[in-house]
Structure formats: C-alpha cells, structure tokens
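Values quoted throughout were computed directly from the atomic coordinates according to the rules given, and no laboratory measurement underlies them. Every value quoted in this text rests on a predicted model; they were computed, and no experiment measured them. We place every Cβ from the backbone using ideal geometry, glycine too, and count neighbours over all the protein chains shown.
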Amino acid sequence: MLIKQKLSALARALLGLYLVGNVTYRSSQWLWEAVIGFNPIHVPLAASILKSILDLLIMSILFGDAFFKVLQGRRSRSHAVSLGALIAIGLITAMLLGTACGQITWSASHMRGIQWVYLFGFSCYAAVAEELICRFLVLDRLGEVVGKAAAFLLQILVFVYLHMFGPRLDAQTASHLAFGAILIGAFYLWSGSLLGAMALHLTYDLLVIPLFGGTLDGLAIYPIVSGDNFSNSYSHRAAATFMLAVSSWLLWKVWRRERTQIRHSCSPKTS
C-alpha cells in the first residue's frame, strides 16, 4: 500500500473511531431528550438503539463496499453467524462447568419484561458498537496501515478500555475481557465476518447476564447461578482455557491459510 493510500485509510479509520466513539451516542441522546422529549428513564436504551443504527450507516458511507464485504465474510452469512453463536454457547458451558467445581446455588429467574427488553437492547448495542470499533475499525481498517499483528494487540487494549466506563474492573474481569477480545479477534480474522463476530458477542451477553447476574444502566439482574470464591475462580480458569484453545486453533487456521496463499503466489505459473 502506497503512503498516500495508507494516510487515506488511517484518516478514515480515525474519523470512524471519533464518530462511533464520541458523536453518535451524544447526538442520539440529545435527539431523544431535547427534540422528542422522551421519558428520561428510558433515554439511555433508546439512544443506544439509535446509535447502533447510526453507526452502521456511518460505516457504510465511510467504507462502502469494504464494509459490506466484511459484514458477510469469507463464508456464507448464516454459517458465520451460527458458528459465532455456537462458540459463545461453548464458552458459557465452560464457565458453568468450572462453576460446578465449587459450591453453587441455582435460583429461579426473576427477570421481568422490562429487564428482558433492556437486556436485548443493550446487548445489541454493545455487540454492534464494540465490534465496529474493535474488530472493524481497529483490527481490520487500522490493520491495513500498522499491520495485523499490531492491530490485533491494539484491539485487545481498546476492548478492555471500553469496559472501564462501567463497573470497576478487577484483574480477573480485565483478563476475562482480554481473553474475550483475543477470541473474537481470532474468529474475525478466520471468518472475515463482522456479523459473525457480532453474533458471538451478542449471544454471550444474552446468556451470561441472566445466568451470572449484572446491571443494565442501573437495572439489576439477579443471577440464576451463584457460587463461592472457589467456584468463581474455576469458572474463570475454565473460560480462559476454552477461549485460548479456540483462539489458538483459529489463529493457526489463519496462519496456515496465509502461508498457502503466499506459496501459491510465489509458485511459477505455467502457460
């Protein structure tokens, strides 16, 4: 890639990061509050949904065919989405198996209708916004400028950084997020599918919050599975093992594919 092309790619990636990271949510929030006069309690959810739509629109304008190409990926759209969801289910299963190593308590779900709406809305928002920032803009677009290896490390840091604005992160949570970024980044490089990465992210959030509890803009979700420190520790270890194992396999597949492409490009052509 020529210097001029690299500068152009860098400028568009940075513009995309600025718009998705700073402008679209504030604009959406202002629209719902000042213009429409929406109920302030539900403004964060409404603004998040509108932001997701605006983010996708901005990416399509800034990057055009390059964006639509990575939405589907190298394989069929349904294949990438299904596989992403399956990996997320496998991760949740590993966490549950790890939790079972300690003393756990199962409770009935007490989620109400509004909690399910918030869960789905904020999970969709997180899947769209974070995958656009970390996987598409950083790993894909900036990767063309700084190289895939540097971009892969950068997307891990950015992914952890984005979660510092919520509840305070301890070392275990930060490492879990880092392993998650490695897993989704490896899946994205292997499949080339942004929709698949979003499906992995969305499925994980939709399962992990009802099972292990959490908060959605101050709305508490009580866990179905509760455990002691021993079970929590083993749940984290099982999740880390699963994510690193799957990530290693996916990255090996990516490396082998690139080696094959290089070998074919260097082989002499016969007439």
(message) For Leu177, Leu183, which order do you get if you count the other beta carbons within 10 Å of each Cβ and list the fewest first?
(response) Leu177, Leu183
(request) Calculate, for Phe68 and Gln261, the FRET efficiency according to 1/(1 + (r/R0)^6) with r their C-beta to C-beta distance and R0 22 Å; round to the nearest 0.05. (result) 0.45
(request) Output the relative contact order of the chain, whole-number percent, from Cα pairs under 8 angstrom with separation of 6+ residues. (result) 29 percent
(request) Choose one answer from Ala80, Ala178, Ala245: the residue with the largest mean-square fluctuation in a GNM of the chain with alpha-carbon springs under 10 Å. (result) Ala245
(message) Please arrange His163, His201 by how many other C-beta atoms lie within 10 Å of their C-beta, fewest to most.
(response) His163, His201
(request) Mean Kyte-Doolittle of at least -0.5 plus a Cα span of 27 Å or more along the axis: flag which DSSP H helices in the chain meet both, please. (result) 43-63, 77-99, 171-191, 229-266
(message) At 7 Å along Cα-to-Cβ for each site, give me the label-to-label distance between Arg168 and Ser82 in nm.
(response) 4.6 nm
(request) Quick one: work out Rg over Rh on the C-alpha atoms of the chain, Rh as Kirkwood radius. (result) 1.00
(message) If I build a Gaussian network model for the chain, linking alpha-carbon pairs within less than 10 angstrom, which residue out of Val128, Val35, Val254 has the largest mean-square fluctuation?
(response) Val35
(message) Over the chain, with a Gaussian network built from C-alpha contacts below 10 Å, which listed residue (Gly147, Gly180, Gly90) shows the highest mean-square fluctuation?
(response) Gly147
(request) Please give the contour-minus-distance gain from Lys6 to Leu244: 0.36 nm per residue of separation, less the Cα-Cα distance, rounded to one decimal in nm. (result) 82.5 nm
(message) Test of understanding: ordering Lys148, Lys51 by Cβ neighbours within 10 Å, fewest first, what list do you get?
(response) Lys148, Lys51
